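What follows is a short report on a single structure.
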Amino acid sequence: MQTTAFLGVAHIHTPGFIAQLSTRDDVRVKAVYDHDAERGQRRADELGATFAADVDTILNDAEITSVIIASETVHHRDLAIRAAQAGKHLFIEKPLATSLEDTQAIQEAIEKAGVVFQTGFFLRGQAPIQFLKQEVVAGNLGKITRMRFTNCHAGALQGYFDTEWHWIAEKEQAGGGGFADLGAHALDIILWTLREASGGTCGEVQKVAGFVGTQLGRYGDIDEYGSGLIQFSSGAIAEVAASWDDAKLRAPIEVHGTQGQIQISGDTILYYSELVDGADGGQWQGALPEAAPHAFALFWDKLEGKEAVIELVGVEEAAAESRVMTEMYRAAGQ
């Protein structure tokens, strides 16, 4: 049985985390801290936990061996470093940090402490995305030339952040707007698939460019959408795009190589490869990897010693996403 606590409950995914925890009999939430006492007490009541008025109450409790950081992103550095130094295993909601300096400090603290780390990049577990990476790493597309991932929803159109979650649309709290929020997931998949450190074939990031924009202004001048370009040391180029202004959710992915290509839209996979039987450019009818549980569930499975369907996100990988996103914002003049 794992005994855990929340350090911050501001994130829009907090209700989903609480719902997941309610289905598990191997995790108990003992305490909840949040700098907003009303919010923290409300979530503590939902969980049948105690509201902690300060962080040290949780960090000094030996029974609590892990923490969930779901605060505003600007508070991640302080909370993560203190928790790591206290020897607590860490689930930190994405993105890791709002600046290069905070990213580096968090990474160093977690690596020094040697605690288990996970973040909320849940797209890695989806079977089509695992299949895409599998085929790229196997060399079945030849030399990779291009990759593109667009991740969007109607958040600004429908007012997702009008009330309780408004901080997500405040740059000083979140670090960025729609591009940072949704682009984090797309960028993670690009880096996970293509970076040499993750078993990919395209080497390290060499250059980036970035562009952001706002049309509605519902949340002031924070970016509602953006696109970024990444060039890897192999010469491969990737594009990441994200938006809060899309009237219908779309998250297409495509990767192109000298001997094949894969396009994914939802559960539909179009696959062509000169090297793979059945990959004739039509819809793929072959086997797919086993879908993994949500990234949040994988964290508890790891702590319980269960066999992993897919590895947790390394802190160096989460830091790499944060760094590249920050550099794309800088290139956009932000």
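Bear in mind that the values in this text are calculations on the coordinates, not laboratory data. Quick caveat, the model's predicted, so the values are computed rather than measured. Please note: Cβ atoms are built from the backbone with ideal geometry, for glycine as well, and neighbour counts cover all protein chains shown.
Worth pointing out:
- Point-to-point label distance, E304-A154, nm (Cα→Cβ direction, 7 Å offset): 3.7 nm
- The simple spin-label model puts a point 7 Å past each Cα toward its Cβ; for M1 and A138 those points are separated by 4.5 nm.
- Difference of contour (0.36 nm per residue) and Cα-Cα distance, E108 to A37: 22.5 nm
- Between the Cα long axis of helix 100-113 and the first principal axis of the chain there is an angle of about 70°, rounded to the nearest 10.
- Residues C152, C202, arranged from fewest to most other Cβ atoms within 10 angstrom of their Cβ, appear as C152, C202.
- Net +/- balance of residues flanking G213 in space, Cβ distance below 15 Å, scoring K and R +1, D and E -1: -4
- Expressed in Å, the radius of gyration and Dmax of the Cα atoms of the chain are 20.0, 61.
- Mean ellipticity per residue at 222 nm, deg cm²/dmol - from DSSP H runs of n ≥ 4 across the chain, formula -39500 (n - 2.57): -10000 deg cm²/dmol
- Spatial separation of Cα centroids for segment 270-334 and segment 201-245, in angstrom: 18 Å
- Note on the chain: antiparallel DSSP beta bridges, both residues inside, total approximately 55 percent of the bridges counted.
- Label point of T145 set 7 angstrom out along Cα-Cβ; within segment 205-242, amide nitrogens under 13 Å from it belong to 236-237.
- Length available on full extension from A291 to Q85: 0.36 nm per residue minus the Cα-Cα distance, which gives 70.8 nm.
- The slack in the chain from L229 to R330, taken as 0.36 nm per residue of separation less the alpha-carbon distance, amounts to 35.1 nm.
- Residue list for segment 271-300, given a label point 7 angstrom along the Cα-to-Cβ vector of A127 and an amide N cut-off under 18 Å: 271, 279, 283-295
- Nearest-20 debye value, the chain charge dipole, Cβ charges on Lys, Arg, Asp, Glu: 400 debye
- Take the Cα radius of gyration of segment 224-315 and divide it by 2.2 N^0.38 Å, N being the number of residues; the result is 1.40.
- Computed Kirkwood radius, in angstrom, where 1/r is averaged over Cα pairs of segment 23-123: 14.1 Å
- Between Q283 and H13, the modelled label-to-label distance comes to 3.0 nm, taking each label 7 Å out from Cα in the direction of the beta carbon.
- Net charge in the neighbourhood of F131 (other residues with Cβ under 13 Å of its Cβ; Lys, Arg +1, Asp, Glu -1) is -1.
- Rounded FRET efficiency, nearest 0.05, which uses the C-beta distance separating D25 from E204 and R0 of 56 Å: 0.85
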